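Down below is the structure, laid out as structure tokens.
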Amino acid sequence: MRCRFAASCVLVLALALSISAGTLRAQLPNAQHGEIVPRDVRELYDKGLQYLAKTQAADGGWAGGQPGPGTTGLALMVLLASGEDPNFGLYSSHVRKALRSMISQQDATTGYLGNSMYHHGFGTLALAEAYGAVDDRDLWSGGQKAQGRSTGEALELAVRAAITSQKKNSFGAWRYTPDSTDADTSVSGSVLVGLLAARNAGIEVPDASIDKAIEFYKSVTSSSGQVAYAGGIGGFDESLARISIGTLVYAIARRKDLPQYKATLNHLSSRLETTQQQWPEYTRYYQAQALFQGDVDAWEKWNKLLVRQLKQTQKADGSFTSDYGPAVGTSMSLLALALNYKFLPIYER
């Protein structure tokens, strides 16, 4: 197992120290960063995490709403972001079950994950975050091992599928299916973030692929910072979700010098108290990351509002409702909070 990221290396070191002390326990998130995670955040996150653990199906996925590798991938990232050791910690069996579920649903020839590019994008991102952190020697057992791909192999296949799909697309981006010839900023965001995470994990992703996708986003970003749904579709409006996606992809693609990035970030930062009525959990998922990458002071202010909102909306069982189903609603809500822990590599600044 390789230590690709500081977080992973610290976890390995913490594990070694705990073994020598005769105890096997996960490192606390605040031990890594020297910061105290607010109690409200920990309570919200732990309740939601326990809900996801209890509702994971026998096959490793989550039923209801939008089942598939994308939903499983989002829940997997919640598990990884908690700070529990993914190989020996409290949720290590849940991590392995989720990974096996995702890889089993991947087309072994094309690398396509699930039945939509949304699933493919979120699934690719989750594989990238798990790669190098989860020990593949414990992933498959017995007869499964001969059939199962490693996390790295599955990630490379997923990257290849995304790039192949992009080459067929006249906009240089993505939409609902691998063969789509049009593109939108929502689907493209999930796929592009997945590719950027894979590149961060050490998987080869051609610069040309990133460049084409960024050109698509530039073409649908207005000087005011609004981001259209697609070229000629929907126009420019106050979609905080799309503005957040634009801000995020420019930031993690290392294009903060672009005027489009500065415009989207300024637009987003000036609307910290604005609440998105439609798809709130989806918006928060991207808004948290965009603000954290672009303006940490603005993120800190917004994060306090987020905690208040989630305290009011979390159900007694720890879940969050969503039009996409409780697994997606809970995962996206918790991932918006996960910036407080800063354990996922994609959440590093």
(request) Please say if region 41-124 is rounded, prolate or oblate, where rounded means a/c under 1.5 for a ≥ b ≥ c the square roots of the C-alpha gyration tensor eigenvalues, and otherwise the choice is prolate for a/b larger than b/c and oblate otherwise? (result) prolate
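Using R₀ = 30 Å, calculate the FRET efficiency as 1/(1 + (r/R₀)^6) where r is the Cβ-Cβ separation of F88 and K301; round to 0.05.
0.20
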(message) On a 28 Å Cα-Cα criterion, which of the cross-link pairs K212/K256; K218/K311; K262/K301; K212/K262 come out too long?
(response) K218/K311
(message) If the elastic network links every pair of Cα atoms under 10 Å, which of T181, T313, T109 fluctuates the most in the Gaussian network model of the chain?
(response) T109
(message) Can you pull out the GluC sites (Glu not before Pro) in region 258-349 whose DSSP state is coil and whose Cβ has at most 16 other Cβ atoms within 10 Å?
(response) E273, E348
(request) Pairs of Cα atoms under 8 Å, at least six residues apart: use those to get the relative contact order of the chain, whole percent. (result) 20
(request) Please get the size of the charge dipole for region 6-347, origin at its Cα centre, with Cβ charges of +1 on Lys and Arg and -1 on Asp and Glu, quoted in debye to the nearest 20. (result) 200
(request) Tell me the trypsin sites (Lys or Arg not before Pro) within region 199-255 that lie in a loop according to DSSP and have at most 13 other beta-carbon atoms within 10 Å. (result) R254
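Relative contact order of region 79-233, please, whole-number percent, based on alpha carbon pairs below 8 angstrom and at least 6 residues apart.
In percent, rounded to a whole number, it is 22.
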(message) How large are Rg and Dmax for region 6-347 when calculated on the C-alpha trace, in angstrom?
(response) 19.1, 63
(request) Mind checking which of G68, S322, G202 is farthest towards the positive end of the chain's charge dipole, using Cβ charges of +1 (Lys, Arg) and -1 (Asp, Glu) about the Cα centre? (result) G202
(request) For K315, go through the lysines and keep the ones whose alpha-carbon is under 22 Å away, minus same-chain ones fewer than eight residues off. (result) K47, K54, K304
(message) Could you tell me the relative contact order of region 213-338? Use alpha-carbon pairs under 8 Å, at least six residues apart, and round to a whole percent.
(response) 22
(request) Under a cut-off of 19 Å between alpha-carbon atoms, report the aspartates and glutamates in cross-link reach of K97, not counting same-chain residues fewer than 8 places apart. (result) D59, E84, D85, D107, E129, D135, D136, D138, E153
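Bear in mind that the values in this text are calculations on the coordinates, not laboratory data. Just so it is clear, the structure is predicted and the values come from calculations on it, not from any experiment. Cβ sites come from the backbone with ideal geometry, for glycine too, and all protein chains shown count toward neighbours.
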